[in-house]
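K.L.:
Dumping the structure here so I can ask a few things about it.
The values are calculated or read from the model by the stated rules, or taken from the named source; none is laboratory data. These numbers come from a predicted model, not from an experiment. Cβ placement follows ideal geometry from the backbone for every residue including glycine, while neighbour counts extend to all protein chains displayed. All accessible areas refer to the heavy atoms of the entire protein, side chains included, with ligands and DNA or RNA removed. Shrake-Rupley method; radii C 1.70, N 1.55, O 1.52, S 1.80 Å.
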Amino acid sequence: MFDAKDSGNQEAQRSARYTNGSSHRAKTNEHPPFAKEYSPSFVYKAEEADTTARKKASVSLASAVDRAVSETWEGAGQASMAPMPVLDFASGRAYAQREEPVVAVELRGVTKRYGSLVAVDQLDLAIPIGEIFGMLGPNGAGKTTTIQMLCGLLKPDEGEIWVQGSCLSSSPDARRHIGVCPQQLVLWEKMTPLEQLVFLASAYDIPEKIAHPRALSMLKALGLWEKRDTLAKYLSGGMKRRLNLLMALIHEPSILVLDEPEAGLDPQSRVLVREYVRAWVREGQRTVILTSHNMDEVERLADRVAVMDRGQLLSLDTPEQLKRQHQQGDLLEIEIADAAQPHLEEALFVLHQIASDVRWEGTIVSMRMDSLVEHLSLVLGVFRRFKIAIQAVRTRPSTLEDAFISLTGRALRDE
Amino acid sequence: MRLWSVFRKSIREQWREPWGLALTLGTAPFFVLLYWLFFGGTTPFVVLVFEEGRPSLKADTAAKSSAGMPSKTNSPAASKTKATATTVSKEEEVSAGGQLVKLLSSLKRPRGGALMKASLVEGLAEAKQRLTRRQAAALVVVPRGFLQALAGAEATAKKPKLRIVGDFTDPQYASVAVVLNAALQRFVQEATNTPMPVEVAKEAIARSDQRTEFENYVPGLLILSVVMLIFSAAMTITYEVEMGTLRRLQLSNLSAFSLLLGIALSQVLLGTLSVLLTFGMAAILGFRSQGPLWVAILVGAVTSLSIMGVAMIVASFARTVTEAFLLSNFPLFLLMFFSGAIRPIPKVPLGVIGGREIGLYDFLQPTHAVVALNKVLTFGASLRDVVFEVGAVLVLAALYFGVGVALFHLRRMRIA
């Protein structure tokens, strides 16, 4: 945690007044001063941008960072009464030069081209410390390129990437802050889990006397203790996935990048991995960046979600906010007894007046509507009026996937 | 610490890949064994002798056949048996061809064992066919009435002509022709009872005359065992690329130098073990080094190190282990054929450095290793005698290693 007494700058002194500020904030219902200060910088960036989508993204980014930092501050205040972190978003670079940044990763106007293809287009993104950040997007959206750039494996053509207060282009060592758990298994098949972890730690210059007990404790935590001396090629798929995750964490990074972390895991392993990741974030000043095609997984884990497409950020907010902003209503499915109903088309015409996205496939009539509970009796009344027998009624609340499809469309994408 | 970790990891992985390990360590000793089985240390040259105008056995057989005696000459197998007959009958002993066969068969190698396996043949065409098939190294054609001609040679203007026929592209021909030339001169001297006015004596450098054909192949096989490391080293490095583990190591800021040197050292250890096993196998089968064996092993180890740079260059261009395997064939053949490891090749001079002529093939590490091994194993040279060659291999090792690391960094580890 940043120590305000050591900073000596104005913001630090001002924020130090809020060291015990949770009660103060509760009374005034205000954001701490730093939150007000950094918001305009993002609004300013949004004004520069051409698209409405980016404006939305920037504004919601500001609110999310605001919220995340407030929570950090609140938690710190309640738990240990530690000094407030200081943010100076107004001057863009200022926080990055501080000793204890509060933003884990920031991308500023990052662009990456492959020939004529713009894989990532002027991307601005800030991910605060302590957040589980989800990245969604169809194939070719630019997620992987973005992740590779922020891991330091690709150089952006334009823009800057800051990791824990260090610019990656000028301080490649900042990559040490990042641990990457790729979707595909990246293991040394002819080494045991223990050997792999200790070897990888040595690549980070961690002495074996430290790496060995650390590896053992990690293996225990993810249920691989029994298999610590078994060659990786003999491990089950789920075990390999868990080991894949541990490989990303052996050097104790502060930022963990997870690419489809739950792919190929059985339900028990999924729960174990999810809890392990959550606990890992809670342990300290840690951040998770998560990319996945599994909306449920992202919805369950992520504090905020960025939706990307064609190299651009389309939307950025909490899963709940995204669903709210881009919802097309809850889904109602009605199964009718017989598809050959004489008045079905008339009924569908009426339903179009009270619901959206009305579809009829075989014996299933589906539609979307807000306030499903309020309108359900009305819909059922339409069926009754046209003497259409109902077999079953199913409802499904709006999901993150609905928001995702709403943002990116239904068209299939190439890789 | 990183270097040691990579080295240890690489050794572990090699150890746990029994087939790969067996191939790396066992190929050259196995080939030594095969060569020994095929050549057995002393392989006599097969020499055919054809005497023009000598009565054919066919005529005798035909006569016997017409008299109602059983004959097997109608079958092709029987005629083949005749053509390859190696025995000399009492009648033949008095003929020039028979006497020549007897003389040639009596010649011995310096370490014992027959130098030639000579036999009389009946048909010239068939003898030439055997030469074409390399079933024989040379054919001596004795003219009609050779002994009589020798007796009256001084009186007649026309000298009898002995011909040594052979396939000039057959490496055995060159060796056997020299020996045959001397043997024929001796034959003529004995037949005419005229001693040579001068004595021509062969003299071997060091104990090169003591080398068997099998022993001559051993240095080449040693070079092969070392050059073969290109495969295992290139495939080991490319495995990291193909499996994506290189990405993990990239994130850790592990340098290309540490990674490649760690892998290279583990491969050098394997290469040195392979050289030791090859020597061990050769020694069991009768190979004797004229010089100190440890110098030859040192040459092998240094050459292994120098080969690593080539493997790294291959790995820089390969994305998969299969690609690495395929690409490795090119430098393998280049290094084997153009270094003189298989057979000596003419030098392509480029210039003189420090009083030494530098040729195009001097840029191939095994060129110097072959010379060094030859000096040690055949001529009994010590380390001091091969300092230049070992130094040249080390310089080339550094050069290729530098190029390999730079290329690998550029193509596989650089942040683009």
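K.L.:
Restrict the search to the range B:172-247; then list the GluC sites (Glu not before Pro) that DSSP places in a loop and that have at most 10 other Cβ atoms within 10 Å of their Cβ. Let's see the in-between values first.
P.N.:
Values: sites: B:GLU190, B:GLU199, B:GLU203, B:GLU213, B:GLU215, B:GLU240, B:GLU242; in loops: B:GLU199, B:GLU203.
The qualifying sites are B:GLU199, B:GLU203.
K.L.:
Okay, moving on. Ordered by residue, what ³J(HN,Hα) values in Hz, to whole numbers, does the range B:270-281 give under the Karplus form 6.51 cos²θ - 1.76 cosθ + 1.60, where θ = phi - 60° and Gly and Pro are x?
P.N.:
5, x, 5, 4, 5, 4, 4, 5, 5, 4, x, 5
K.L.:
Going highest first, how would you order B:113-123, A:311-321 by mean Cβ packing within 10 Å? Mind showing how you got there, number by number?
P.N.:
Details: B:113-123: 19.5, A:311-321: 21.8.
So the order, starting with the most tightly packed, is A:311-321, B:113-123.
K.L.:
Report Rg(Cα)/(2.2 N^0.38 Å) for chain B, keeping two decimals.
P.N.:
Values: Rg = 28.6 Å, N = 416, 2.2 N^0.38 = 21.8 Å.
The value comes to 1.31.
K.L.:
Round to the nearest 10 and give me the degree value, 0 to 90, for the angle of helix B:387-408's Cα axis relative to the longest principal axis of chain B.
P.N.:
Relative to chain B, helix B:387-408 is tipped by roughly 50 degrees.
K.L.:
To the nearest 0.05, how large is the calculated FRET efficiency for A:ALA337 and A:ASP370 if R₀ is 35 Å and r is the Cβ-Cβ distance? Walk me through the numbers on the way to the answer.
P.N.:
Values: r = 28 Å, r/R0 = 0.80.
E between A:ALA337 and A:ASP370, to the nearest 0.05, is 0.80.
K.L.:
Which cross-chain or sequence-distant (5 or more) residues have an amide H under 5 Å from the amide H of A:VAL257, H modelled 1.01 Å from N in plane?
P.N.:
The list, which skips near neighbours in sequence, is A:GLY179, A:VAL180, A:CYS181, A:ILE289.
K.L.:
Once you average over the residues of B:3-9, how many Cβ atoms of partner chains fall within 10 Å of each Cβ? Can you show the working numbers first?
P.N.:
Numbers: counts 1, 1, 9, 3, 0, 4, 10.
Averaged over the peptide's residues, the number is 4.
K.L.:
Does anyone have the angle between helix B:2-15 and the longest principal axis of chain B? Alpha-carbon axes, 0 to 90°, nearest 10?
P.N.:
40
K.L.:
Ratio of the range A:328-397's C-alpha Rg to 2.2 N^0.38 Å, to two decimals? Present the calculation step by step, with values, prior to reporting the outcome.
P.N.:
Values: Rg = 10.8 Å, N = 70, 2.2 N^0.38 = 11.1 Å.
Scaled against compact globular proteins, the figure is 0.97.
K.L.:
Quick one: of A:LYS220/A:LYS240; A:LYS323/A:LYS387; B:LYS128/B:LYS161, which pairs are farther than 24 Å apart, Cα to Cα? Spell out each step's value before the answer.
P.N.:
Values: A:LYS220/A:LYS240 14 Å; A:LYS323/A:LYS387 35 Å; B:LYS128/B:LYS161 18 Å.
Table pairs above 24 Å Cα-Cα are A:LYS323/A:LYS387.
K.L.:
Could you tell me the total accessible area buried at the A-B interface, probe 1.4 Å, in square angstrom to the nearest hundred? The partial results should precede the final answer.
P.N.:
Details: alone 20120 and 22790 Å², together 40110 Å².
Interface area, both chains combined: 2800 Å², rounded to the nearest 100.
K.L.:
Let me cross-check B:THR43: its accessible surface, 1.4 Å probe, with only protein heavy atoms counted, in Å² to the nearest 10?
P.N.:
Number for this one is 30 Å².
K.L.:
Oh, and also: How fast does the range B:333-416 diffuse by Stokes-Einstein, in µm²/s, taking the Kirkwood radius from C-alpha pairs at 4 °C and 1.567 mPa s? The partial results should precede the final answer.
P.N.:
Working: Rh = 14.4 Å.
Estimated via Stokes-Einstein, D reaches 90 µm²/s.
K.L.:
To test your reading of the geometry: what angle, between 0 and 90 degrees and rounded to tens, separates the Cα axis of helix B:321-337 from the longest principal axis of chain B?
P.N.:
50
K.L.:
Then there is this: With just the Cα atoms defining each centre, how far is the range B:165-204 from the range A:280-302? Give it in Å.
P.N.:
Value for the Cα centre distance between the two parts: 89 Å.
K.L.:
With a sphere of radius 14 Å drawn around the Cβ of B:TYR173, what net charge do the other residues whose Cβ falls strictly inside it have (Lys, Arg +1; Asp, Glu -1)? Intermediate values should be presented prior to the final figure.
P.N.:
Working: positive: B:LYS128, B:ARG130, B:ARG133, B:ARG134, B:ARG163, B:ARG343; negative: B:ASP167, B:ASP170.
Here the count lands on +4.
K.L.:
Show the residues, 5+ positions off or on another chain, whose built amide H is closer than 5 Å to the amide H of A:ILE132.
P.N.:
A:VAL288, A:ASP303, A:ARG304
K.L.:
Give me, ordered by chain and number, the residues 5 or more places off B:LYS117 or on other chains with an amide H under 5 Å from its own placed amide H.
P.N.:
Result for B:LYS117 returns B:PHE45, B:VAL46, B:VAL47.
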